[in-house]
1. So what's the projected area for the stretch A:15-101, the Cα convex hull averaged over all directions, in nm²?
2. Which three extents, in whole angstrom, do the alpha-carbon atoms of chain A cover along their principal axes, largest first?
3. Among DSSP bridges having both ends in the protein assembly as shown, what percentage is antiparallel? Round to the nearest 5.
4. Rounded to the nearest 5, what % of the DSSP beta bridges within the stretch A:1-152 are antiparallel ones?
5. Residue A:179 versus residue B:90, label points 7 Å from Cα toward the beta carbon: distance in nm?
6. With just the Cα atoms of the stretch B:59-191, tell me how far they stretch along each of the three principal axes, in Å, largest first.
7. Other chains near B:123-130: what is the mean number of their Cβ atoms within 10 Å of each residue's Cβ?
8. Packing-wise, with mean Cβ within 10 Å as the measure, how do A:22-32, B:194-204, B:125-135 rank, highest first?
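Nothing in this text is a laboratory measurement; each read-out follows from the coordinates by a stated rule. On a predicted model such as this, the values are computed, not experimentally measured, just so you know. Neighbour counts run over all protein chains shown; Cβ positions are idealised from the backbone, glycine included.
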């Protein structure tokens, strides 16, 4: 029986940290392809939408390359899709950043500004740059799905609640349906959605490729996981 | 309490990690990528690489070191020293860095900050400011590693950098850097309170208390330090030849003969893990090791 190396395709739409993501995936044993070719993206085995920068620029860049319908088509295939940072925000219906922009609308909700704040005499600056903990989402629906923890059978399966990951962002996502929260994180007085999960879609607001061993573990699980619908 | 960041800073000259000593020259300590990997294993939150000659001679020779480092250290890397154009930023990011620190070029051409932020995102653009105390609570910004005056007031320049789109400010006290005498708390706090973006304090760390002070009273979001960390590995460097030093290793030879961290008396030395343990005891939150947090 031959060992099949999972192939992960990274969408190149001219923004951000492609090579960091690729390096981390290669390190955990995946075969990696970086491309903007529509057919290759549509037929990917597993897809990652990375990105750093503004929502409007992100959507424009995808549109220019004819990738909006392609990514929606890929989503319908049922194969796994992971959005990272801006990539996760673009999955939403719309984003507010220098105006209101339409997103990919794969998860209903919007991307909004994270505000600077003060709590207990501490200044929480924007962008939110640095390490922070990911926590189980506060809503309790998971007990109805038969999982012992909200992360069992997800790409966070092997992580303990509270592990630190690396953030660098000024915006957050607010899904209409809170059951799509996979993880939440506290920053000042705000508890925001730091990871999402809906059917075959995952999203991480933080950067797994910059999150040391914890991040590598997330990529390892993404490379291993099969979505069974 | 917010989570703070501990960021070892590596000054790089050619192929070597070097350390400048206040009013002296540069000492060679070993290969930067080896130290970088060691710090990654030691729970460093990020790394900063400064190319210490690039500004003067206009050469960037650090990309190879960045590439080698990025291959196995999965934490953010900031690179500074001699970055002058959008192309320079692009090349550094492509080589594997996550952020760039710009000083001289930003002062000579402030639009580099806004263009850089627009092109790559604010979180990629760290404006590095070197401050020299001029008396009467005023500080002047310097460039080229503390060699050239600019006539700019540090606080006005900080505000302007933020308005132009800087994601973070890296503030170095020229007077304190390399002395081990502590941070300039007054300077750091004023900078931190003047802008809503994160501030990384640099220059002066000599003992554990300094770390605590600059976070609690200085209101810094992160600390960058060099001497306290690099000298911790001196024994490994010399006895186990662990960090492959080459070139002028005068300093390391002296250590070999005396078996003492020669001339390091003004610094406490500790690993990143050790300082984080100390900070946690003081009620400051910093991230704990990933490996112990994973099931399996």
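1. Dividing the Cα hull surface by four gives the mean projection, 5.5 nm².
2. Sorted largest first, the three principal extents are 57, 41, 32 Å.
3. 45
4. 30
5. It works out to 4.7 nm between the two label points.
6. 46, 33, 26
7. Taking all residues of B:123-130 together, the mean is 2.
8. Those peptides, ordered most packed to least, come out B:194-204, B:125-135, A:22-32.
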